[in-house]
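Written below as structure tokens is the structure these notes are about.
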């Protein structure tokens, strides 16, 4: 099978190549909007910049929520050596971005490439190159311009508050593995667009009223805190499944979360998701994610009175250079296709 010809994977690769750290998501939202319009739907963009669309169906309104925003950084200050001090957008370890290529997006529309590295990057020069603590104050961006002072950086139009995106480096292997940054959560965005495509073609029917919600501030904690459809009775966060340690989830299954750092998910919803997985023939695992929060929790904190759940394709090395497999994408799509048909 040529996995690059699969719709979900093609959309996923297009998405990860669009820079969209939280707060800088207009192009990613516009991409999703255009795709939905091409499928015959009528999406709308909220004041906060998220996107919502109704797929069809009647009764027991359901929202499936994924997020287009990713991890990233921002220029904190200009350094006297012509480098950039950074501040993080979202939670990740410094070693996961060390030596990563990046792009600086200025407020005047210019873009400059660079590399994130420690302030002691060479073992031939610095005696603490190996031992220096990898923390934010010890990291900087080396910009690919002839700039060695604050004034030269300013001449380029770079200033505090400019966004920095990380190069995703997407790779799809012949065996169906997908390696790239930002599978969290662009894998699930691609899956929801595939679900919309199935509904548009008539392959999948909405047995209940179904919305898709694409948030743009999940990585900083308030993505789905506003603009949810007012008639929503249930919100399912479609995000990544955590892989590692003693968890059962792997890169080939759809993961159903029973509890994360915010507490247990609705027990009835967890059972219904398991039943949908079994009925659809989707390979699945049920897990507890110890250090994890989701968009639906932002909705709950905002006061939405809804039932709630969480599922997603298994993703290894989350918030780093991530990996999943085509089977995980397919299993997640299979479960969701079955779930929206349920007239319950």
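FYI, it's all coordinate maths here, none of it is from the lab. Just so it is clear, the structure is predicted and the values come from calculations on it, not from any experiment. Here the Cβ positions follow ideal geometry from the backbone for every residue, glycine too, while neighbour counts run over all protein chains shown.
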Here is a list of conditions, (1) within 21 Å of residue 235 (Cβ to Cβ); (2) surrounded by fewer than 22 Cβ atoms within 10 Å (Cβ to Cβ); (3) touching a residue at least 40 places away in the same chain (Cβ under 8 Å), and residue 320 meets all of them except one; can you say which number that is? (1)
Okay, strands (runs of 3 or more DSSP E) sitting entirely in the stretch 25-137 with 3 or more residues that are in contact (Cβ under 8 Å) with a residue 60 or more places away in the chain and farther than 30 Å from residue 202 by Cα, I get 72-78, 84-89, 101-105
Reported set for the stretch 138-155 where residues are in a loop (DSSP other than H, G, I, E, B) and buried (at least 16 other Cβ atoms within 10 Å of the Cβ) is 145, 147
Among the residues of the stretch 191-226, the number that are under 13 Å from residue 43 (Cα atoms) and not in a strand (DSSP E or B) is 2
Consider residue 5 against the criteria (1) within 26 Å of residue 321 (Cβ to Cβ); (2) without any contact (Cβ under 8 Å) to a residue 60 or more places away in the chain; (3) in contact with a helix residue (DSSP H, G or I) (Cβ under 7 Å, 6 or more places away or on another chain): it satisfies all of them except one. Which criterion is unmet? (3)
Can you report the number of residues in the stretch 170-183 which are part of a loop (DSSP other than H, G, I, E, B) and out of contact with any strand residue (DSSP E or B) (no Cβ under 6 Å at 6 or more places or on another chain)? 3
Touching a strand residue (DSSP E or B) at 6+ places or on another chain (Cβ under 8 Å) and surrounded by fewer than 21 Cβ atoms within 10 Å (Cβ to Cβ) - does that describe any residue in the stretch 184-196? no
Scanning the stretch 285-317 for residues that are surrounded by fewer than 20 Cβ atoms within 10 Å (Cβ to Cβ) and within 27 Å of residue 167 (Cβ to Cβ), which turns out farthest from the chain's Cα centre (by Cα)? 291
